[in-house]
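The values are calculated or read from the model by the stated rules, or taken from the named source; none is laboratory data. As the structure is a prediction and not an experimental result, all values here were calculated from the model. Heads up, the Cβs are rebuilt from the backbone with ideal geometry, glycines too, and the neighbour counts pull from every protein chain shown. Heads up: the accessible areas ignore ligands, DNA and RNA and are worked out on the full protein's heavy atoms, side chains in. Shrake-Rupley method; radii C 1.70, N 1.55, O 1.52, S 1.80 Å.
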Amino acid sequence: MSQQRIVSKRLGNTPIGNPVWLLGLAIFVLGNAVNFIALQFAPQSLVAPLGAVSLVTNVIIAPLLNNEKIGLFDIGGIALIIAGCVIVVVFSGIVQQNFRLCVLVQLLKAKPTVLYLCVIAAAIIAIYVFLWTVERGVQRYHDEYLQLTDEHERVINSAVGVHCEIEE
């Protein structure tokens, strides 16, 4: 009996002990299972955009649970998501084709596909280099700031007459 109390006390402060969180997790798992089953009945190009409906439900339900107000941008975002889903469903030309492996390999070797993959790879590398450069700049700025702060502290302490060693 005492072990149950200890376990319930430990789980009470975690999301696992929260029934609303457990319900949300169950709905999430069920939604993904239904989405997987839907792929048997419709092509992925049609099913995938409809996954954005989960975002719409989150935007609607989260403010209700957190006692927040839905803003104008939230409503605009919901409208854009719904419009996008409708456009995809209405204008998708559903042509289901079964390709053999040799045809898929030929399509993968086609110049437009290779060009597309090269552009994507270049964009990923450029973003990585950009982020690396920004992080280096921030670190250098932070180090210079700490060095200036230490020098200012020494100047102020010497002016006041306080002598102390700064340990790092």
Legend entry - Test set (1) open to solvent by 90 Å² or more (accessible area, probe 1.4 Å); (2) under 22 Å from Gly24 (Cβ atoms) - Gln106 fails condition number: (2)
Inset, instruction - Identify the single condition in (1) of a type in the set (S, T, N, Q); (2) surrounded by fewer than 11 Cβ atoms within 10 Å (Cβ to Cβ); (3) at pLDDT 80 or above that Gln4 does not satisfy, given that it satisfies every other one. - result: (3)
Inset, instruction - With respect to Leu146, determine if the residue is over 32 Å from the mean Cα position of the chain (by Cα), at pLDDT below 90 and open to solvent by less than 100 Å² (accessible area, probe 1.4 Å). - result: yes
Legend entry - Near pairs, Cβ below 8 angstrom, 6+ apart or cross-chain, from segment 56-77 (open to solvent by less than 100 Å² (accessible area, probe 1.4 Å)) to any residue that is in a loop (DSSP other than H, G, I, E, B) and charged (D, E, K, R): Ala62/Glu68; Pro63/Lys69
Inset, instruction - Name every residue in segment 109-142 that is open to solvent by 90 Å² or more (accessible area, probe 1.4 Å) and either closer than 29 Å to Val47 by Cβ or touching an Asp or Glu at 6+ places or on another chain (Cβ under 8 Å) (or both), in order of residue number. - result: Lys109, Pro112, Leu115, Tyr116, Ile124, Ile127
Legend entry - Test result for Ile37, loosely packed, with under 12 Cβ neighbours inside 10 Å, at pLDDT 85 or above and over 22 Å from the mean Cα position of the chain (by Cα): yes
Inset, instruction - Would you be able to say whether some residue in segment 133-145 is hydrophobic (A, V, I, L, M, F, W, C) and closer than 28 Å to Ala26 by Cβ? - result: no
